[in-house]
Each structure stands twice: as structure tokens, then as C-alpha cells.
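Here's the structure, in C-alpha cells; my notes come after.
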Amino acid sequence: MDDLTALIHHLDDAVRLGGPAAVTGRIKQELERAIHDRRVSLPDRFRVTRPEGYARRLLHRSDDLGYTAVVMTWGPGQKTPLHDHAGIWCVEGVVEGRMDVTQFDLIATGAGRYRFEARGCVHAEVGSAGCLIPPFEYHILANPTDTPSITLHVYGGEMTSCHVFEPQPDGTYLRRDKPLCYND
Ligand SMILES: [Fe+2]
């Protein structure tokens, strides 16, 4: 069995645990171990960056267990807007490079405006993974380096859209639906 197939088997076992806290905790362990042991060897097409923005490519979809694994490839300086995860749990691991992860707390909503407070920035190195369990799901991911970074994301479903939050001059944010697709 090749390394990626073995990792998928471990993810299957983790998702069978049931509740989001148990599942994401186990996936975090599995991802960190696999990356640390250099068992996440991705085919070349996952390494290709896109000038328009970070690339999002499907690595695995389990129809039986209802989860997906997605690889994202980040050119120098590429980042997401502030976004949510459509209520889907997620574990995100750094496979190559380095990522800055800034988590936000939603502190107020009203009249179509959203207020957030940044909870500080985590500098995530290769082999570190983080869990996102709704409702604590607001964040910005950025590749702060001048070389590409690669991340692996495991979602408790298929994220076909999410919300992005656009900063306004008065410090509030406007919410917008963002359809998500795979880049090939
Ligand atoms: Fe995210």
C-alpha cells in the first residue's frame, strides 16, 4: 500500500469515531504524524501555483463516510479573505512551507454588518495542523513566505461554498457568498 492510500485509511478510521471533537483530534494526529514522517508525497499537479490566487485541488472524496481531502497550493504572499467554513468541521495541516493562520471571534451582527475580533496569529510550520469546529470557524490563511506553501485540508463534507467577509471603512464586515471550485 502506498503512503497516500495508508493515510486515507487512517482518515477513514478517524472519521468513523463520530463526533467532531474526536474526529478532528484524531485527524490532526494522523496528519501531523504523516507529514513529520514525510509520508505525504503528492503528485506533481498538486505543486502547481496559480497567479490568480491559491489553488484548490481535490485529493480524495469518501462518498461512504462523507468527507473530502483537499490540497491547497499557495504562491508567495497569497491569502484567503476572512471566511467561514459553512458549518463544516475541518483540519488543516502544513505539508510544505509555512502559513500564518489568524483566527477571529464573531462578536456582533446586525443590519447586515458583522463585527470580528482577531484572536492572534499562529505561525504554522511544516507538520503542524489545526482543527476548526463550528461555530469557531472564522479565519484568514496566508502564505507569508516568498516561496510556495502547500496545505492539506480534511473537511467533514464537501465545501462547495462558504461566506467571505469584506472589511468596510467603519471597521465592520459585509458578508458575501463565495462559490468554491476545484482548479483541476
Ligand atoms: Fe479556511
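The values are calculated or read from the model by the stated rules, or taken from the named source; none is laboratory data. If you're wondering where the values come from, they're calculated on a predicted model, not measured in any experiment. Note that we place each Cβ from the backbone using ideal geometry, even for glycine, and neighbour counts take in every protein chain shown. Side chains are part of the model used for accessible areas, which takes the heavy atoms of the whole protein and leaves out ligands, DNA and RNA. Shrake-Rupley method; radii C 1.70, N 1.55, O 1.52, S 1.80 Å.
Things worth noting here:
- Most mobile of Pro144, Pro51, Pro20 in a GNM of the chain (Cα contacts under 10 Å): Pro51
- Using only side-chain charges placed at the Cβ, +1 for Lys and Arg and -1 for Asp and Glu, the dipole size of the chain relative to its Cα centre rounds to 240 debye.
- Karplus-derived 3J(HN,Hα), 6.51/-1.76/1.60, for each residue of the range 169-176, Hz, glycine and proline x: x, 8, x, 8, 10, 9, 9, 9
- Charge-dipole axis of the range 15-129 as Lys and Arg at +1 and Asp and Glu at -1 on Cβ define it, positive-most pick from Pro81, Leu42, Gly18: Leu42
- The overall shape of the chain is prolate: from the C-alpha gyration tensor, with semi-axes ordered a ≥ b ≥ c, the ratio a/c is 1.5 or greater and a/b exceeds b/c.
- Extension gain (nm, one decimal) between His9 and Ala118, 0.36 nm per residue minus Cα-Cα: 35.7 nm
- In terms of accessible area, using a 1.4 Å probe and ignoring ligands and nucleic acids, Trp74, Trp89 rank largest first as Trp89, Trp74.
- Among residues other than Asp64 with Cβ under 14 Å from its Cβ, the summed charge is -2 (Lys and Arg +1, Asp and Glu -1).
- Helix 3-15 axis, angle to the chain major axis (alpha carbon atoms, nearest 10°): 60 degrees
- With Cα atoms, 0 to 90° folded angle of helix 20-36 axis to the chain main axis: 60 degrees
- Computed with a 1.4 Å probe over protein heavy atoms only, the accessible surface of the chain comes to 50 Å² per residue.
- Between Thr80 and Ile107, the C-beta separation translates, for a Förster distance of 22 Å, into a calculated FRET efficiency of about 0.60.
- Cα gyration tensor shape of the range 60-104, rounded if a/c is under 1.5, else prolate or oblate by comparing a/b with b/c: oblate
- Highest-MSF residue in the chain out of Val71, Val101, Val122 [GNM, Cα springs under 10 Å]: Val122
- 37 °C / 0.692 mPa s Stokes-Einstein diffusion coefficient of the range 1-104, Kirkwood radius on C-alpha pairs, µm²/s: 219 µm²/s
- Distance from the range 1-51 to the range 141-184 (C-alpha centre basis), Å: 20 Å
- Local electrostatic count, Pro81, Cβ distance below 15 Å [Lys/Arg +1, Asp/Glu -1]: -1
- Local electrostatic count at Gly53 - Lys and Arg +1, Asp and Glu -1, tallied over other residues with Cβ under 12 Å: +3
- Cα gyration tensor shape for the range 1-60, rounded if a/c is under 1.5, else prolate or oblate: prolate
- Estimated distance in nm for a label pair at Arg16 and Asp44, the labels positioned 7 Å out from Cα along Cα-to-Cβ: 3.7 nm
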